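Reviewing the structure listed below.
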Amino acid sequence: MTVETSCPSCRVQYRVEASKVPEGGARAVCPRCGFDFMIRRSPARIWVLADDPALRSQVVRITLQDLTKELDLCFLSSRRRESIVEVMGTEHTPLPDVLVFGDMHVLLADPVLAALRSTPRVRRLLVSTHYNAELLASAEAFCQVSTHIVLPASDEEVRLRLASAIRIEVGTPPPTLARSTP
Ligand SMILES: [Zn+2]
């Protein structure tokens, strides 16, 4: 069995033997452009805490939609977040790999963010509508921020930051990438 993947940076497509990809995924370096990214057997789970102005921005929406075929993407409304916080981490509601949130979620101490603010296996991606040192300091005091996107940003920058947030370090040697024929 093979896993189809593509480099998030130059978008060249590759095929990898599934047996060489461990459960948690494997790190790979694109032979063409040198970008360091993650290969998974199943799509990465991304939870987006909806309703923050930064997360309603066109570039973030489009990039996330564009990546949905590679991701298991879920937009959580504030009502849904109140109910999911009770059951997350159980068999039916596994924890996400990446939690995407905005400044408002930090200021309001969102329940999902509060519950996952220091869980090592969940990477936290903060999207801000503009640069604000004070807000960033309160975000860092409240939770560990793995990646920060400040808008406005180009599509390419949003894509690369997301790819970097999705990457999870694992201690396995990167599998060899064989370019798939188009
Ligand atoms: Zn590449």
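Give region 29-65 a look and list any residue that's of a type in the set (A, V, I, L, M, F, W, C) and either in contact with a His (Cβ under 6 Å, 6 or more places away or on another chain) or at pLDDT 85 or above (or both), or say none.
Looking only at region 29-65, we keep the residues that are of a type in the set (A, V, I, L, M, F, W, C), and these are 29-30, 33, 35, 37-39, 44, 46-50, 54-55, 59-60, 62, 64.
If the condition is that a residue be of a type in the set (A, V, I, L, M, F, W, C) and either in contact with a His (Cβ under 6 Å, 6 or more places away or on another chain) or at pLDDT 85 or above (or both), then VAL29, CYS30, CYS33, PHE35, ILE46, TRP47, VAL48, LEU49, ALA50, ALA54, LEU55 are the ones that fit.
What number of residues within region 93-108 are in contact with a Lys or Arg (Cβ under 9 Å, 6 or more places away or on another chain) and surrounded by fewer than 16 Cβ atoms within 10 Å (Cβ to Cβ)?
Number satisfying all stated conditions: 2.
Here are some residues: ARG81, ARG41, ARG124. Which one is touching a residue at least 24 places away in the same chain (Cβ under 8 Å), under 24 Å from ALA26 (Cα atoms), surrounded by 20 or more Cβ atoms within 10 Å (Cβ to Cβ) and of a type in the set (D, E, K, R)? Break it down stepwise before answering.
Details: ARG81 fails: under 24 Å from ALA26 (Cα atoms); ARG41 fails: surrounded by 20 or more Cβ atoms within 10 Å (Cβ to Cβ).
Unique residue meeting the criteria: ARG124.
The values are calculated or read from the model by the stated rules, or taken from the named source; none is laboratory data. A quick note: this is a predicted structure, and the numbers were derived from the prediction, not measured. FYI the Cβ positions are ideal-geometry reconstructions off the backbone, even for glycines, and counts take in every protein chain you see.
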